[in-house]
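K.L.:
Below: one structure in C-alpha cells.
Throughout, read-outs are computed from the coordinates displayed, never taken from laboratory work. No experiment lies behind these values; they were computed from the predicted model shown. Note: ideal-geometry Cβ built from the backbone for every residue, glycine included; neighbour counts use all protein chains shown.
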Amino acid sequence: MNKHLMAAAIAAAMIAPAAHATTVALPGDASWAEFDVDASIAHDFGNGWIDTNDGSALNFTFTVAPGMHGVLTVVDAGFAGDTFTVIDSGSVLGSTSSVPAGQPVGATIVDFDDALANPAYSRGVFTLAPGNYSISGSLLQS
C-alpha cells in the first residue's frame, strides 16, 4: 500500500464513529422487552439483536439476587419461523426451540404472550443462578 492510501485509511479510521451499543436494564417483573434483527439497519450489517431506534447492538442487563433464581424467556414474534442463539456476557446460554422456517407473508403475532402459546413460534426458557447477566443474541434461522 502506498503512503497516500495508508494515510487515507488511517484518517478514515480516525473519523469513523465509535461503535455504539444500547443496554437496557430489565426489571424483575415478568414484563417483556423487545429486540429486533435487521441486517439492513444494524450498524455491523449482521444478525445480532438490535435497537430498532438506531440500529445499535442491543443487550439486556439484570441481576439475580443471592438465594434466588431467575427465569429468562425469549420468544419469537411477528412472522413465525425465527430461531435465536441467546448469549450471556459473550458465552452461549442456549438457543430457542427449533421450528420450521417461516415465510414473510400471512398472519403475524405481535403479542409476546400469544406467540409463547403458539407452537409455530420458537421460544427458550432459561433458569438462571444468582449473579449479574448481560443478555444479547443473534438470529439462527429466519
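K.L.:
Taking the Cα centre of the chain as origin, sum charge times position over the Cβ atoms of Lys and Arg (+1) and Asp and Glu (-1), and report the length of that vector in debye to the nearest 20. Don't skip to the answer; put the middle values down first.
P.N.:
Working: 2 positive and 13 negative charges, 111 e Å.
Roughly 540 debye for the chain.
K.L.:
Still on this model: Which of S40, S97, S31 moves most in a GNM of the chain, Cα contacts under 10 Å?
P.N.:
Evaluated over the chain, the most mobile residue of the options is S31.
K.L.:
What is the helix-to-structure angle for 3-15, meaning the angle in degrees between its Cα long axis and the longest Cα principal axis of the chain, kept from 0 to 90 and rounded to the nearest 10?
P.N.:
Here the helix axis deviates by roughly 40 degrees.
K.L.:
On to the next question. Within a Cβ distance under 15 Å of D111, other residues only, what is the Lys/Arg minus Asp/Glu net charge?
P.N.:
Neighbourhood net charge equals -3.
K.L.:
Dividing the alpha-carbon radius of gyration of segment 22-141 by 2.2 N^0.38 Å (N being the number of residues), what value is obtained?
P.N.:
1.04
K.L.:
Before rounding to the nearest 500, sum -39500 (n - 2.57) across all DSSP H runs of length at least 4 in the chain and divide by the residue total; then give [θ] at 222 nm in deg cm²/dmol.
P.N.:
That comes out to -4000 deg cm²/dmol.
K.L.:
Using a Förster distance of 35 angstrom, determine the FRET efficiency expected from the C-beta separation of I41 and H69, and round it to 0.05.
P.N.:
It comes out at approximately 0.45.
K.L.:
Right, here's the next one. Tell me which chymotrypsin sites (Phe, Trp or Tyr not before Pro) from segment 33-74 have a DSSP coil assignment and no more than 12 other beta carbons within 10 Å of their own.
P.N.:
Loop-located and lightly packed - F45.
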